[in-house]
Amino acid sequence: QVQLVESGGGLVQPGGSLRLSCAASGSIGDIYTMGWYRQSPGNQRELVAIISSTGSINYADSMKGRFTISRDNAKNTVHLQMNSLKPEDTAVYLCNAHVRVAGTFATFDFWGQGTQVTVSS
């Protein structure tokens, strides 16, 4: 119904930057929130940042001041600019969107497949 495709992950040295992007497509009626989560081996999936359709933003405390989330409603895309990366930021980063499916009143959470971010020297 709705597909999310992430891009922009990779290997970066500590202190470096990466920009992740996620594009939503398919049977989209409305996208209420878009966000990024991350998961590393042995850890639970955790929120990185989330942004509403009106631009309201929440960040996890450990990402405040380093990460910036932005959204283009016209293009159904969300981006995550990550600066001052640390080894502990290494994880699979997953895009999430809370979507009303077109032609219905049904809403679902959709997930991308994830993109690997590795911070290492």
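Of the conditions (1) open to solvent by 40 Å² or more (accessible area, probe 1.4 Å); (2) among the small types (Gly, Ala, Ser); (3) under 28 Å from Val119 (Cβ atoms), Gly16 fails just one. Which one is it?
(1)
Any idea which of (1) over 20 Å from Ser17 (Cβ atoms); (2) in contact with a Gly (Cβ under 8 Å, 6 or more places away or on another chain) is the one Val119 doesn't satisfy?
(1)
Report the residue count in the range 72-111 for those that are closer than 21 Å to Gln1 by Cα, touching a residue at least 12 places away in the same chain (Cβ under 8 Å) and in a strand (DSSP E or B). Show your work before the answer.
Within the range 72-111, the first condition is being closer than 21 Å to Gln1 by Cα, and the residues that meet it are 72-78, 94-111.
Adding the requirement that they be touching a residue at least 12 places away in the same chain (Cβ under 8 Å) leaves 73, 75-78, 94-104, 107-111.
If we keep only those that are in a strand (DSSP E or B) too, we end up with 77-78, 94-101, 107-111.
The qualifying residues number 15.
Within the group Gly10, Gly65, Gly55, Gly29, which residue is within 21 Å of Thr118 (Cβ to Cβ) and surrounded by fewer than 18 Cβ atoms within 10 Å (Cβ to Cβ)? Spell out how you get there, then give the answer.
Working: Gly65 fails: within 21 Å of Thr118 (Cβ to Cβ); Gly55 fails: within 21 Å of Thr118 (Cβ to Cβ); Gly29 fails: within 21 Å of Thr118 (Cβ to Cβ).
Going through Gly10, Gly65, Gly55, Gly29 in turn, just one is within 21 Å of Thr118 (Cβ to Cβ) and surrounded by fewer than 18 Cβ atoms within 10 Å (Cβ to Cβ): Gly10.
Being open to solvent by 40 Å² or more (accessible area, probe 1.4 Å), touching a residue at least 40 places away in the same chain (Cβ under 8 Å) and either farther than 19 Å from Phe108 by Cα or touching a Gly at 6+ places or on another chain (Cβ under 7 Å) (or both) is the filter here, so list the residues in the range 33-42 that pass it.
Result: Gln39, single match.
The values are calculated or read from the model by the stated rules, or taken from the named source; none is laboratory data. Just so we're clear, the structure is a prediction, and the values are computed from it rather than from any experiment. FYI the Cβ positions are ideal-geometry reconstructions off the backbone, even for glycines, and counts take in every protein chain you see. The area values use the complete protein model at the heavy-atom level, side chains included, leaving out ligands, DNA and RNA. Shrake-Rupley method; radii C 1.70, N 1.55, O 1.52, S 1.80 Å.
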